[in-house]
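So the structure is just underneath, and the comments pick up after that.
Any read-out appearing in this document is the output of simple, stated calculations on the displayed coordinates, not a laboratory observation. Worth saying up front: this structure is predicted, and the values here are computed from it rather than measured. Ideal geometry is used to build each Cβ from the backbone, glycine not excepted, and the neighbour counts take in all protein chains shown.
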Amino acid sequence: MNEINKLISGFFEPPIRDYIDKIPSGKQLRSRLICAIAKESDKRFLLSAIVETIHLASLLHDDIIDDAKTRRGAPAVFVTDGAKKAIMIGDIFYATAFSKLSAFDSAIAQIISEAVAKLSYGEFLDAELSKSFNTDRKKYENMIYLKTSALIEASCEAAAILAGKDRDRFRRFGALLGVAFQTIDDLLDITQDTATLGKPALNDLSEGKVTLPLIDYYHTADENEKAKALSFFKKKLKTNDAKRLRAALYKSGAIDKSRQYAAALLNEAKGLVENDEELLAAAESLISRIK
Ligand code: FPP
Ligand code: MG
């Protein structure tokens with residue numbers, strides 16, 4: 001178990017601790033960034049553990065909101081233990097993480113808590129946008145900035161403060177990476193097959209989430225194609241319909257447009273950390289996910 005996972009486990013007593021062990025570990029992008037930016041700080045692992053615990057709490061709640069039955073290849077906690085427990089465990093994770101923030105300067109505590117307010121609002125907007133077929137690119141971009149990028153942005157800025165580095169530069173780096181990360185996640189939902197994803201392909205549209213490639217496709221589509229896309233909204237897609245829609249998204253150029261958007265964000269991010277091999281590698285690892 002790595003240093004960060006040990007700290008997270010140490011935040012809790014059984015039976016709550018058991019849930020930490022039950023949830024498979026993710027990519028820990030936020031921790032990787034914090035540890036790379038604040039290499040010299042003794043507090044980098046504690047800050048990482050706090051941020052990962054907040055992230056875990058948000059995922060426990062998010063799976064209930066999205067009715068997403070698997071997480072990281074395992075059944076979601078609300079599936080194995082029921083929604084009531086998953087909500088309460090999320091609350092315990094979230095509140096405990098916050099209590100640990102008191103070990104940091106108020107500037108860091110403020111940055112992280114503001115980011116959690118943003119991600120909660122982002123989740124609210126995501127649910128609101130999912131009520132109808134959203135075709136407004138600006139609304140979508142704002143929502144993914146809040147839902148996903150804000151905590152990554154805050155992690156980078158807080159780590160820069162810990163390390164005495166230029167906080168504005170690292171804040172921007174994190175914000176760019178965050179939006180790129182969600183854009184790539186949304187692309188993979190369309191481009192990867194069910195076996196690789198561990199969930200049905202084009203699942204976002206079935207959940208009511210009209211992501212960037214679909215928004216761009218909609219704006220170039222003819223009336224027939226628009227009607228077809230609308231008819232798939234919040235429906236479980238048949239294999240053939242999914243294949244046809246995916247092919248149409250490729251043909252319209254919408255997939256390429258999203259790929260280029262994510263790549264441009266990551267290139268801008270790389271320009272901010274030119275001499276830092278670890279941070280460049282973090283950006284590169286996201287670029288390599290653009291498929
Ligand atoms: C995943 O998005 C969801 C988030 C990044 C944020 C979720 C936020 C909340 C539930 C509110 C905050 C709550 C607490 C307790 C801090 P996604 O559904 O697009 O991604 P996925 O495919 O990984 O589920
Ligand atoms: Mg979700």
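Using the Cα gyration tensor of region 157-218, with a ≥ b ≥ c the square roots of its eigenvalues, what is the shape: rounded (a/c below 1.5), prolate (a/b larger than b/c) or oblate (neither)? Prolate, because a/c is 1.5 or more and a/b exceeds b/c. Per residue, the Cα convex hull of region 14-111 amounts to 107 Å³.
Given +1 at the Cβ of Lys and Arg, -1 at the Cβ of Asp and Glu and no other charges, the dipole of region 134-188 around its Cα centre is 140 debye to the nearest 20.
Couplings 3J(HN,Hα) for region 278-291, derived from phi with the Karplus relation 6.51 cos²θ - 1.76 cosθ + 1.60 (θ = phi - 60°), are 5, 6, 4, 5, 4, 5, 4, 5, 6, 4, 5, 7, 6, 10 Hz, where x marks Gly and Pro. Here region 147-281 yields Rg over Rh of 1.08, to two decimals, using C-alpha coordinates and the Kirkwood radius. Here the contact order of region 154-291, divided by its residue count and restricted to Cα pairs under 8 Å and six or more residues apart, works out to 31 percent. What net charge is computed for the residues neighbouring Ala97, neighbours being all others with C-beta under 15 Å from the C-beta of Ala97, Lys and Arg scored +1, Asp and Glu -1? Surrounding charge for Ala97 is +1.
The mean sequence separation of alpha-carbon pairs under 8 Å and at least six residues apart, normalised by the residue count of the chain, gives a relative contact order of 17 percent.
Taking Lys and Arg as +1 and Asp and Glu as -1, the other residues whose beta-carbon sits under 9 Å from that of Leu280 total -4. Is the shape of region 57-132 best called rounded, prolate or oblate, per the rule: a/c under 1.5 gives rounded, else a/b larger than b/c gives prolate, else oblate, with a ≥ b ≥ c the square roots of the Cα gyration tensor eigenvalues? Because a/c hits 1.5 or more and a/b fails to exceed b/c, region 57-132 counts as oblate.
In sequence order, region 38-55 has phi-based couplings of 10, 3, 8, 8, 5, 8, 5, 6, 5, 4, 4, 5, 5, 5, 5, 5, 5, 4 Hz under the Karplus curve 6.51 cos²θ - 1.76 cosθ + 1.60, θ = phi - 60°, and Gly or Pro positions carry x.
With semi-axes defined as the square roots of five times the eigenvalues of the C-alpha gyration tensor, the equivalent ellipsoid of region 1-69 measures 23, 15, 9 Å, largest first. When the P(r) of the chain is calculated, the portion above 34 Å amounts to 21% of the C-alpha pairs.
Around the amide H of Thr70, modelled in the peptide plane, lie the amide H atoms of Ala76, all under 5 Å away and 5 or more residues distant in sequence or on another chain.
Scalar couplings 3J(HN,Hα) for region 174-189, obtained by applying the Karplus form with A = 6.51, B = -1.76, C = 1.60 to θ = phi - 60°, are x, 4, 5, 4, x, 5, 4, 4, 5, 4, 5, 4, 5, 5, 4, 4 Hz; x denotes Gly and Pro. Considering only C-alpha atoms, what is the centroid distance from region 1-41 to region 48-98, in Å? If we compute the Cα centre of each part, the gap is 14 Å. Putting +1 on Lys and Arg Cβ atoms and -1 on Asp and Glu Cβ atoms, find which of Tyr250, Gly164, Ala263 reaches farthest to the positive end of the dipole of region 134-291. Going by the charge dipole, the pick is Tyr250. Take the chain, mark every one of the GluC sites (Glu not before Pro) that falls in a DSSP loop and has at most 10 other Cβ within 10 Å, then report the longest stretch left between them, sites excluded. Formally, the longest exposed-site-free interval is 41-273. Along the axis of the charge dipole computed for the chain (Cβ charges of +1 for Lys and Arg, -1 for Asp and Glu, origin at the Cα centre), the listed residues Ser48, Gln192, Asn5 are led at the positive end by Gln192. For region 188-245 versus region 119-150, the spacing of their alpha-carbon centroids is 18 Å. Basic side chains Lys and Arg get +1 at the Cβ, acidic Asp and Glu get -1 at the Cβ, and with that the dipole of region 134-291 about its Cα centre reaches some 720 debye.
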